[in-house]
Amino acid sequence: MKKRQFVAAMMAGMMACSLLTACGDSSSQSQDSQSTSSSSDTQKADQPSTAAEDKAADSGDSAQEGTQELSVTTWDNESSPQFQAIVDAYEEKNPNVKIKIIDTSADEYNNSLGISLSAAQPDPDVIWVKDMGSMLQMADKEQLLPIDDFIARDSLDLSIYKGAAEQLMYNDKSYALPYRNDWYVLYYNKDLFDAAGVEYPSNDMTWAEYYELAEKMTSGDGSSKVYGSHNHTWQALVTNWAVQDGKHTVVEKDYSFMKPWYEECLALQDNGYVQDYSTLKTANIHYSSVFKNQQCAMMPMGTWFIATMMQSQEEGETDFNWGIATIPHPEDTETGYTVGALTPIAISAYTDQPDLAWDFVKFASSEEAAEILAAQGVFTGIPSETALQTIASAERFPEGESNVEALNYTHYSFDRPLDPQIEEIRTVLNEVHEMILIHAYDVDEGIAELTERVAEIKGW
């Protein structure tokens, strides 16, 4: 098919999308992995798997004998407080345990983790899962240790997660606990709005009003140009708004519902109200640097960026005034509709210290950890008014009641469903997204290509 050949040729000349499918060959699982996973199904509810206990036998009580080392995987640990704060707190509570952080850039995380797990080595013990799609992949490859027996043994109350823990179940097994909960809001630079004499974005703004505001806030040219808004390269920054109303997902038989969102995205880009996709990709420009360097007045982004901005100001990296507003909504949808995703935390099936790994996972997803993370501006898997108020009262959180109100939502749609083939579908979404935004496809061609290729993956 000439169209696909063209896609391949064009993609070869571009940098890889930031949200890639996790890699790793599942065709040759080790015998140890198989026994670890299968044994978990045969255990009584009041104890962890026999395989896990056998692995931990040599070190089960070693906490009293000396220091234990536990390895955990993270991404962008240096620039985000979301992991280190929990590692530090756990080590303080458990001075006999040393946490080894295996850190990777966000763009390379899934690929690097996939390679590591394919080797079936005991490191890492604990896995912070970047997205639920990759969690499904790892579960299918028997690379994650089911934790149902641990949950039952410790009588862990899953109701504190308000249904999120159940949403992480796959094939009737629990493989992870909710760690972080993120949804999209609109960030804006108060200083730029003040200088332009324009009112700040409201918490009840339609996407049409947002587009008008992006035009109004665009000024200058060349290296001094300030863009009205910023669209990062993720396909989610288009498709999220297409599924925001909860009527569709990114796994559909017909993708024509995405057409108006791509048309508006292209209009923003072609009119110069946001940086064009090609420049962002070829120069590897990260959204955080664009906002921090005051090159844009607004930016749709996840709530995780609140912690990043608070840390940036704490360290003196930035000193301008910023705020957040509720993400804009479609004309036929009321305010409060948003899109988001969970960040789970799981245990590698290859760990040689499953009990210690579980102890860390349980702590990292606990109410105690939630309060620690909230103080860093991180939203956790345990939604609570207390945590919200902790974040809102943090020293570096933007002043003003409207910023607190912006954190509330009435409807929450997952940016992707728990579909066994979601990572394959995301690959297609990313490829077609790129071709549309570089004008290699017009929107109709892209929609047709997307519909056809997803149908092939799903067998429709």
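When restricted to residues that are in contact (Cβ under 8 Å) with a residue 24 or more places away in the chain and not in a helix (DSSP H, G or I), the range 86-114 contains 11.
Listed here are the residues, each with its yes/no results for (1) of a type in the set (G, A, S); (2) buried (at least 22 other Cβ atoms within 10 Å of the Cβ); (3) in the same structural domain as T326 (by TED's automatic domain parsing); (4) assigned to a loop (DSSP other than H, G, I, E, B).
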residue: A152; (1), (2), (3), (4): yes, no, no, no
residue: L156; (1), (2), (3), (4): no, no, no, yes
residue: P178; (1), (2), (3), (4): no, yes, no, no
residue: Y188; (1), (2), (3), (4): no, yes, yes, no
residue: V198; (1), (2), (3), (4): no, no, yes, yes
residue: S202; (1), (2), (3), (4): yes, no, yes, yes
residue: E212; (1), (2), (3), (4): no, no, yes, no
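Checking I115, I127 one by one, the residue that is surrounded by 17 or more Cβ atoms within 10 Å (Cβ to Cβ) and under 15 Å from S348 (Cα atoms) is I127 and no other. Please determine whether any residue of the range 338-354 is over 24 Å from Q121 (Cβ atoms), surrounded by 24 or more Cβ atoms within 10 Å (Cβ to Cβ) and of a type in the set (A, V, I, L, M). Checking the range 338-354: at least one residue is over 24 Å from Q121 (Cβ atoms), surrounded by 24 or more Cβ atoms within 10 Å (Cβ to Cβ) and of a type in the set (A, V, I, L, M).
Where helices (runs of 4 or more DSSP H) fall entirely within the range 353-460, those with at least 2 residues that are touching a residue at least 24 places away in the same chain (Cβ under 8 Å) are at 354-364, 367-375, 401-405, 422-437, 443-458. In the range 167-178, the residues that are modelled with pLDDT of 95 or more reach residues that are of a type in the set (V, I, T) and assigned to a loop (DSSP other than H, G, I, E, B) with C-beta atoms within less than 7 angstrom, at least six apart or across chains, in these pairs: S174/I147; Y175/I147; A176/V129. For G246, the conditions (1) closer than 30 Å to R453 by Cβ; (2) in the same structural domain as L356 (by TED's automatic domain parsing); (3) of a type outside the set (V, I, T); (4) not in a helix (DSSP H, G or I) all hold with the exception of (2).
Selection of the range 115-135 for residues being modelled with pLDDT of 90 or more and assigned to a helix (DSSP H, G or I) yields I115, S116, L117, S118, M135.
The values are calculated or read from the model by the stated rules, or taken from the named source; none is laboratory data. Here the structure is a predicted model, which means the values were calculated and not measured. Cβ sites come from the backbone with ideal geometry, for glycine too, and all protein chains shown count toward neighbours.
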